């Protein structure tokens, strides 16, 4: 059995008596010519005129791309997007490719080159990072009408004559699906905006879960923010288990994102028909499992098929360690207070402390069963701050879990949070 783990993967040997159920995405046909698919998407957008008409007469443009935590095939589409702008007469200095970091750290140097994926882009556009804590770098739109979320967005995106969000559409354990409107908020939102709709009144809503948009409070606030902003376009991609592109579309940001969601939903949401006392999963490998912060996604996604009180074994490289200092502080508070008191401390807040929402999401898996973590990237102090059991090997943890369950059956999810298993 092979799990996604770091850049090379992790081989796991199951006990001879184990009866594994391997859970993966339904296979989707690969695009025969991804470059042609991009060109076709730009020629026939969803809810918008052809790209060559959209760019005509524009004075400036800002193209959002995801940060290092998403394996987006930027190398595939950034060049044709920028070529369209240059062909329309736009100077390099008027084109900004903006990394939508949210509250994550900036991506620089070799890492930035890896994300962009094409040296040509640096020669024909400005490439920069978003900084959510820079007050002067944001435009204040006031508040959303329904939930009074403060709306502040990166000035470079707001003031661009043409605004394009790009990204990957996949399950997201809070917002339903990534991509589209999410690349804007939290992607290029101010810390106040991000901290509001990551507060407990959003996170504890039962509809704020993966693969659900209906009534999802995060999704609804993101749509409200996009509508306050005005004209925005999006280029959306879907990738398969091999990280090859299987879908690309372009168009009005809301309509095009929904088209991509419709395409991917039937592949990644996998009915299993039962629950398991033992589950083995991953944090999806590089680049998603670079930190323990991102690992939490792998802990939450399979909970629908975990028997109450069962064992969830997660493998994550954590090659860059724990995560932000703020996340470390939140985990330390959770370990000191205990899960229940920690959650109570969050419920009255209007603004969540930075990154404590990830700790709050981890509580969901801790309430559901026993979480056991295999990693080679954390030191002893960091392991103690995870709040979950640290294991020396996945093989040994499986043996122990099966014996404790008295049941040889287990679920194995090699891709982790890129697959959403459900009972029905």
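Relative contact order for the chain: 22 percent, from Cα pairs under 8 Å spaced at least 6 residues apart, divided by residue count. A simple spin-label model places pseudo-atoms 7 Å from Cα toward Cβ; at residue 304 and residue 340 they are separated by 3.0 nm.
Applying 0.36 nm per residue to the separation of residue 105 and residue 333 and subtracting their alpha-carbon distance, the gain on full extension is 79.9 nm. Neighbour counts of C-beta atoms inside 10 Å place 96, 359, 295 in the sequence 96, 359, 295, starting with the fewest. Each residue in 62, 211 was given a count of other beta-carbon atoms within 10 angstrom of its own, and listing them fewest first yields 211, 62. Computed from the Cβ-Cβ distance with R0 of 35 Å, the FRET efficiency linking residue 379 to residue 228 stands at 0.20. The gain in end-to-end length when the residue 214 to residue 324 segment is fully stretched comes to 36.5 nm, 0.36 nm per residue minus the alpha carbon separation.
Can you tell me the length gained on complete extension of the stretch residue 161 to residue 143, counting 0.36 nm per residue apart and subtracting the Cα distance?
Roughly 4.2 nm would be gained on extension.
Return the whole-Å distance between the Cα centroid of region 352-419 and the Cα centroid of region 176-251. First find each Cα centre; the distance between them is then 26 Å. Once you reduce region 273-350 and region 71-112 to the center of their Cα atoms, the two points are 32 Å from each other. Look at (1) 23.2; (2) 34.1; (3) 22.0: the one that is Kirkwood radius over Cα pairs in Å derived from this structure is (3). Mean sequence separation of contacting Cα pairs (under 8 Å, at least six apart), scaled by the length of region 112-242, corresponds to a relative contact order of 26 percent. Here r is the Cβ-Cβ distance between residue 87 and residue 114 and R0 is 25 Å; the resulting FRET efficiency, rounded to 0.05, is 0.40.
Modelled spin-label separation between residue 242 and residue 43, with each label point placed 7 Å from Cα along the Cα-to-Cβ direction: 2.6 nm. Once C-alpha pairs closer than 8 Å and six or more residues apart are averaged by separation and normalised to the residue number of region 34-268, the relative contact order reads 22 percent. Counting beta carbons within 10 Å around each of 153, 22, 112 and listing the fewest first gives the order 22, 112, 153. Taken along the Cα-to-beta-carbon direction at a fixed 7 Å, the label points for residue 404 and residue 17 span 1.7 nm.
A short reminder: the numbers here are calculations on the coordinates, not readings from a lab. It should be emphasised that the depicted structure is a prediction, and the values quoted were computed from it without experimental measurement. In this analysis, Cβ positions are derived from the backbone assuming ideal geometry, glycine residues included, and neighbour counts consider all displayed protein chains.
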